[in-house]
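What follows is calculated from the coordinates using simple rules that are stated; it is not laboratory data. Model, not experiment: these values are computed from the prediction. Neighbour counts are summed over all protein chains in view; Cβ atoms, including those assigned to glycine, are modelled from backbone coordinates with ideal geometry.
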Amino acid sequence: MSGAKIGAVSMAVLLAVYVALVGWRAVQFVGTGEPVAIVMGIALIVLPLVAAWAIWRELAFGIHSQRLVRRLEDEGATDLGIETTASGRAVRASADAEFDRFRAEAESEPDSWRAWMRLGMAYDAAGDRRRARHAVRRAIELERAS
């Protein structure tokens, strides 16, 4: 298991412990019958649930995107032709130079999860994480629909 996966699982376990402990405290607050304590108890119930939902969403994104990357690897389609350093990181100038090719591919095949996934990988190599996540989310949606 990779370090990132261990970190993600560890954070999920810690969140579960946190939610359980805070949930117990929330029940105690609500049980007092005092209006301020009840409001605090409700907040202590809602906020951890929102956090749990956000973490679940990120974990699901990671699981689905890794599955799509593995499928591309099995098809031999993960080589983007982008130059990398000795450590394996993409050379930004090379990523920028190749980027238009992946954008054109996604535009010409708007229903192809493969094209969107490769575009997401190219965005990531170019350092644009926000657009990379958007493209990968689109790839996940398209793959689920197919």
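Observations on the structure shown:
- Region 1-111 - charge dipole about Cα centre, Lys and Arg +1 at Cβ, Asp and Glu -1, debye rounded to 20: 720
- As a proxy for reagent exposure, ILE55, ILE140 were ordered by neighbouring Cβ count within 10 angstrom, fewest first; the result is ILE55, ILE140.
- Listed by Cβ neighbour count within 10 Å, with the fewest neighbours leading, VAL30, VAL9, VAL50 appear as VAL50, VAL9, VAL30.
- The stretch between ARG130 and ARG103 holds 8.2 nm of extra length on full extension. This uses 0.36 nm per residue minus the Cα-Cα distance.
- The charge dipole of region 27-75, taken about the Cα centre with unit charges on the Cβ atoms of Lys, Arg (+1) and Asp, Glu (-1), comes to about 60 debye, rounded to the nearest 20.
- Three-way shape call for region 92-145 based on the alpha-carbon gyration tensor, with the a/c threshold at 1.5: oblate
- The chain: relative contact order as a whole-number percent, Cα under 8 Å and 6+ apart: 15
- Sorted by Cβ neighbour density within 10 Å, fewest at the top, the residues PHE99, PHE61: PHE61, PHE99
- On Cα atoms only, tilt of 113-126 relative to the major axis of the chain in degrees: 90
- Mean Cα-pair separation over length for region 92-145, i.e. relative contact order, pairs under 8 Å, 6 or more apart, %: 36
- Approximate spin-label separation GLU58-ARG71, in nm, with each point projected 7 Å along Cα-to-Cβ: 2.5
- Extension gain for ARG92-ALA4 works out to 29.4 nm (0.36 nm per residue, less the C-alpha to C-alpha distance).
- Prolate/oblate/rounded label for the chain (Cα gyration tensor, a/c 1.5): prolate
- Cα gyration tensor category, rounded, prolate or oblate, for region 3-60 with a/c compared to 1.5: prolate
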